[in-house]
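The structure appears right after this line, and notes come after that.
Derivation of every value follows stated rules applied to the coordinates shown; laboratory data play no part. None of these values were measured; they are calculated from a predicted model. As a convention, Cβ positions derive from the backbone with ideal geometry for all residues, glycine included, and neighbour counts pool all protein chains shown.
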Amino acid sequence: MYDAYKQVGKTKAVIVVPQAFGQSEKQPTEDPKHVRAMSYLAIVRGARGMFWYCWKQTGDWTGKQKQGMGWNPPTAKMVKTLIAEFKVFGQALLEPNPEFLTSDDGLVLGIVAGSEKTGRFLIYVNGDLEKRSNSAIKVPLKDGTELEPLFGGPQGAVKDGKIVLDLPALATGVFKIK
């Protein structure tokens, strides 16, 4: 998952369609944390639009197969949460010249986007399925810049032009830059 998203928006603005089927007994696919990570990976690499592929088993309107987001309330809840979060910083992503970030260990990808008009945000994701990252990320911010964590994320501080975050696999986060 991580490698596929590394290059998403580096050359062209794209619309991304993360899979959001949810898990089923017959076909274990992604769970909500995977949907979240895939969505944030697209954002931090410049996606300009997003649709979630919420497939439903063709011909099974009874729910016996329990396949597709409609039969997976946790996945449906995650997609609704993501939509609400993306509305907070979405306009900032449309501003020109975002800065793409990569942590020193290569696991955390991020973006600094926005303006005074839209608000400025630092958005990040540890896109690795298994590895924790406790690595520095070089950021285009001055030391002491106030970072307000959004959506329950950890605190962060800019020191020596870097921010260090201790992030479990698939962790996501957003800072509003003050």
For the range 70-150, rounded, prolate or oblate, judged on the Cα gyration tensor with a ≥ b ≥ c (square roots of eigenvalues), a/c < 1.5 rounded, else prolate if a/b > b/c? oblate
Which whole number in µm²/s is D for the range 120-178 by Stokes-Einstein, with the Kirkwood Rh taken over Cα pairs at 10 °C and 1.306 mPa s? 137 µm²/s
So for R0 = 30 Å, FRET eff. of LEU94-ASN134 from the Cβ-Cβ r, to 0.05, ends up at 0.40
Which FRET efficiency value, to the nearest 0.05, do you get for PHE151 and ARG48 by plugging their Cβ-Cβ distance into 1/(1 + (r/R0)^6) with R0 = 22 Å? 0.55
